[in-house]
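Comments concern the structure below.
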Amino acid sequence: MANPKYAEAAEPIPQAVEVGQLSDGTKIMRRAPKMRACSQKDEKGKLCAGHLKRWYFFGDEIKQKFGASAEIYRCEHCKTLYLPNPDEKPRSGTLSY
């Protein structure tokens, strides 16, 4: 039964899409717009919800697939890798105040 406190979504909610896997089994996902936390579920169905942190020190396999200066994010709990959403502006610029 739906919660009467909240209305049903008028549009489908964007989700992260799986792009592939590394040789060690690590999942590679494409981020949904404005996504800040991991959306993976474990074998029990529990949501990970770890923060996505920018990852700079990735290995050779990732450098070969996406380039040495790729914008890669990694979940702090389950270590799933996330690629940026192509519809969003890159977040790799310097800060300006």
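Brief remarks follow.
- Scoring 48-54, 62-68 by mean Cβ neighbours within 10 Å over their residues and listing the highest first yields 48-54, 62-68.
- The residues neighbouring S23, those whose beta-carbon lies less than 12 Å from its own, together hold a net charge of -2 under the Lys/Arg +1, Asp/Glu -1 convention.
- Eligible lysines near K53 by straight Cα distance, threshold 28 Å, same-chain separation 8 or greater: K27, K34, K41, K44, K63, K65, K79, K89
- Label positions at D24 and K53, each projected 7 Å from the Cα along the C-beta direction, are separated by 1.5 nm.
- For volume of the Cα convex hull per residue in Å³, the value computed from the atomic coordinates appears in the list [x] 159; [y] 212; [z] 104 under label [x].
- Our summary gives the chain a relative contact order of 24 percent, counting only alpha carbon pairs under 8 angstrom and 6 or more residues apart.
- Across the stretch 9-22, rounded Karplus estimates of 3J(HN,Hα) from the backbone phi angles (6.51 cos²θ - 1.76 cosθ + 1.60, θ = phi - 60°) give 5, 6, 10, x, 7, x, 10, 5, 10, 6, 9, x, 9, 7 Hz, Gly and Pro being marked x.
- The GluC sites (Glu not before Pro) found in the stretch 5-75 that occupy coil by DSSP, while having at most 10 further C-beta atoms within 10 Å, are E8, E43.
Values quoted throughout were computed directly from the atomic coordinates according to the rules given, and no laboratory measurement underlies them. It should be emphasised that the depicted structure is a prediction, and the values quoted were computed from it without experimental measurement. Positions of Cβ are generated from backbone atoms using ideal geometry, with glycine treated the same way; all protein chains shown enter the neighbour counts.
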